[in-house]
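Read through the structure below, which is laid out as structure tokens, and then see the notes.
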Amino acid sequence: MKETVLLIGGRGLIGKELTSFLEKQYHLFIFSTQKSACDDQKTFYWNIDKKILNTSILKRSNHIIYLAGEHIIKKRWSSYQKEEIFNSRIKGIKLCVQQLKIINDNDDSKKRNFITVAALPSNTSNQFIQSLITDWEKTILDIRSKYLNVFLIKVGFVLSNQGGLLAEIFQKSFWNLFFFWKKKHPFYWIHIYDLCQIIIQLIQKRIQSSIFYAITPEKATNLCFAKALQAALSKKYYFFFLPSIFFKIFLGQRAMILLHPFTKIHLRKKQHFKFCYPALKIALKNLLSNDGMVRKKLNRTIEE
Ligand SMILES: NC(=O)c1ccc[n+]([C@@H]2O[C@H](COP(=O)([O-])OP(=O)(O)OC[C@H]3O[C@@H](n4cnc5c(N)ncnc54)[C@H](OP(=O)(O)O)[C@@H]3O)[C@@H](O)[C@H]2O)c1
């Protein structure tokens, strides 16, 4: 019998890609905060503040994949925005778990998997980022119970031709110029295909770790990323590494996301997963080789 997967925040970058893999093998449901998206049989409206969520779908689910989260970098960090970023992750996870506890207390002994994708830990002095990342991780690990297997997938940049970092870089470029920050800054990344395969392998129990660092083993810096990007494009581009101050002026506090040092990651070698895209050059060639977001959506100068 087909198992049921619930994607919370499943209409975003990772969720859309994952949907294309999951819908063949599982009954798939999505929780969305957009009422207008809930006009099919599989998408259901939920609201964290009003505690609205479809408990019968939650009850039916064998695997809950939590991808919801207010975008971290798109809008300025006003105190309202910080609260949205925080609540859409931490309060949202807590709401789901509260409801799952009620389901379990009513004699449902099904053991479920709860999987979430979170950002890497960092050594930043920015209090908001520090508490977001630590509370996010703590919330996830605290919800483990005899009814809930919990998996936390930690990622750096997810490379996709449908949005995310690549889209941002192309949108902010003009003429043949691309702008980067700190040449030697470590560049932790994963191809979206590999990330989806990791999530699928977790729900199929082919990966067992409760915290999984979904980062390719190849060591890279921003400079390596820029070089690989140029190699993937047939036209000549110019890459500028601007001083941090530019990013601080344009992004304000949000610049911390790009500029902060990461906590050293030791788990690279121990990962039991075979990456389909282990190197930046291969990944970027794959993502930029055909009509993807870059040419279609952005309507930019790339590869004309
Ligand atoms: N992409 C990356 O490079 C990356 C890197 C590190 C960590 N992550 C984390 O992985 C998770 C998924 O990433 P993604 O790239 O797929 O994100 P995304 O494209 O921004 O999508 C996130 C989804 O969350 C829902 N959402 C947005 N604002 C919300 C709010 N205020 N309250 C509740 N739900 C809200 C939206 O779905 P609806 O509009 O349908 O509700 C949206 O589709 C996020 O937590 C993100 O921070 C991503």
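With +1 on each Lys and Arg Cβ and -1 on each Asp and Glu Cβ, and nothing else charged, work out how big the dipole of the stretch 1-155 is about its Cα centre, in Debye to the nearest 20.
Rounded to the nearest 20 debye, it is 40 debye.
Suppose the chain between Ser78 and Tyr45 were pulled fully straight at 0.36 nm per residue; how much longer would it get relative to their current alpha carbon spacing?
Answer, rounded to one decimal: 9.3 nm.
Can you list the residues, at least 5 places off or on another chain, whose amide H is less than 5 Å from the amide H of Ile52, using H built in the peptide plane?
Asn47
For the charge dipole of the chain, defined by +1 on Lys and Arg C-beta atoms and -1 on Asp and Glu C-beta atoms about the Cα centroid, which residue among Leu120, Trp136, Ser61 has the Cα displaced farthest towards the positive pole?
Among Leu120, Trp136, Ser61, the one farthest towards the positive end of the dipole of the chain is Leu120.
Ordered by packing density, taken as the mean number of other Cβ atoms within 10 Å over each peptide's residues, highest first, how do 41-53, 194-206 rank?
194-206, 41-53
Take Tyr147 and Gln204, extend 7 Å from each Cα along the Cα→Cβ direction, and tell me the distance between the two endpoints in nm.
Each label point lies 7 Å from its Cα, and together they span 2.9 nm.
Report the local net charge at Arg76: Lys and Arg +1, Asp and Glu -1, summed over other residues whose C-beta lies under 11 Å from its C-beta.
Once all neighbours under 11 Å are counted, the net charge is +4.
Please find the FRET efficiency linking Asn106 to Lys236, where r is the Cβ-Cβ separation and R0 is fixed at 51 Å, and quote it to the nearest 0.05.
0.20
How much net charge surrounds Phe86 when only the other residues with a Cβ under 12 Å from the Cβ of Phe86 are counted, with Lys and Arg +1 and Asp and Glu -1?
In short, 0.
What order do you get for Ile65, Ile57 when you list them from fewest to most C-beta neighbours inside 10 Å?
Ile57, Ile65
For the charge dipole of the stretch 143-210, defined by +1 on Lys and Arg C-beta atoms and -1 on Asp and Glu C-beta atoms about the Cα centroid, which residue among Val150, Phe187, Ile169 has the Cα displaced farthest towards the positive pole?
After comparing all options, I get Val150.
Just want the ordering: Cys96, Cys224, Cys276, from fewest to most Cβ atoms lying within 10 Å of their own Cβ.
Least to most surrounded, the residues fall as Cys276, Cys224, Cys96.
Longer than 29 Å from Cα to Cα, which of Lys74/Lys146; Lys101/Lys205; Lys183/Lys285 are they? Say none if no pair is.
Flagged as over cut-off: Lys74/Lys146.
Any read-out appearing in this document is the output of simple, stated calculations on the displayed coordinates, not a laboratory observation. Predicted model, so just to flag it, every value in this text is computed and none were measured. Cβ sites come from the backbone with ideal geometry, for glycine too, and all protein chains shown count toward neighbours.
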